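Okay, so here's the structure we're looking at.
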Amino acid sequence: QVQLMESGGGLVQAGGSLRLSCAASGSIFSPNAMGWYRQTPGKQRESVARSSSSGFTNYADSVKGRFTISRDNAKNTVYLQMNSLKPEDTAVYYCRAIIGEAIYWGQGTQVTVSS
């Protein structure tokens with residue numbers, strides 16, 4: 001049973017920083033791709049940052065220059081360093097991992113940025 005355990009969300013003032021972590025467990029295979037998505041009430045879940053196993057990264061335009069995704073492949077863990085946070089970054093952040101042809105999601109972690 002593959003599980004994605006997220007941590008690091010919370011409440012921060014605008015301009016502050018948070019670091020999210022997501023560790024994948026329960027599979028003998030390492031994730032091909034890992035990434036972070038976010039969702040606010042009434043809106044579709046959107047991609048924030050993605051990382052392939054080879055190190056290719058992709059960011060949403062709204063977070064470029066502020067967020068950095070990184071991976072520790074030995075630990076099957078992906079991180080999201082979020083700097084210069086804005087109130088519009090407030091959302092539930094979800095970790096996603098692709099292992100083989102299966103897609104797995106974490107339970108979500110709340111990030112709230114106060115103005």
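The values are calculated or read from the model by the stated rules, or taken from the named source; none is laboratory data. All values derive from a computational prediction rather than experimental measurement. No Cβ is skipped: glycine too gets one built from the backbone with ideal geometry, and neighbour counts run over all protein chains shown. Areas reflect the complete protein model, heavy atoms only, side chains present, ligands, DNA and RNA absent. Shrake-Rupley method; radii C 1.70, N 1.55, O 1.52, S 1.80 Å.
For the reader, a short list of remarks on this structure follows.
- Residue satisfying condition, being more than 11 Å from the chain's Cα centre (by Cα) and farther than 21 Å from Ser114 by Cα, within set Gln39, Gln3: Gln3
- Considered as a group, the residues in the range 57-115 that are at pLDDT below 95 and basic (Lys, Arg) include one that is nearest to Gly26 (Cα to Cα), and that residue is Lys75.
- Test: residue in the range 61-76 that is among the β-branched types (Val, Ile, Thr), assigned to a strand (DSSP E or B) and open to solvent by 40 Å² or more (accessible area, probe 1.4 Å): yes
- Subset of the range 20-32 [closer than 14 Å to Asp72 by Cα and either open to solvent by 30 Å² or more (accessible area, probe 1.4 Å) or part of a loop (DSSP other than H, G, I, E, B) (or both)]: Ala23, Ser25, Ser30, Pro31, Asn32
- The residue pairs whose first member lies in the range 1-18 and is touching a residue at least 40 places away in the same chain (Cβ under 8 Å) and at positive phi, whose second member is part of a strand (DSSP E or B) and among the polar types (S, T, N, Q), and whose beta carbons are closer than 9 Å, counting only pairs six or more residues apart or on different chains, are Gly8/Ser21; Gly8/Thr109; Gly10/Thr109; Gly10/Gln110; Gly10/Thr112.
- The C-beta contact set for the range 29-58 (first residue over 22 Å from Gly9 (Cβ atoms), second residue of a type in the set (Gly, Ala, Ser) and open to solvent by 60 Å² or more (accessible area, probe 1.4 Å), distance under 6 angstrom, 6+ apart or interchain) comprises Asn32/Ser53.
Matching residues to (1) at pLDDT below 95; (2) closer than 14 Å to Gln107 by Cβ:
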| position | (1), (2) |
| --- | --- |
| Gln3 | yes, yes |
| Leu18 | no, no |
| Cys22 | no, yes |
| Gln44 | no, no |
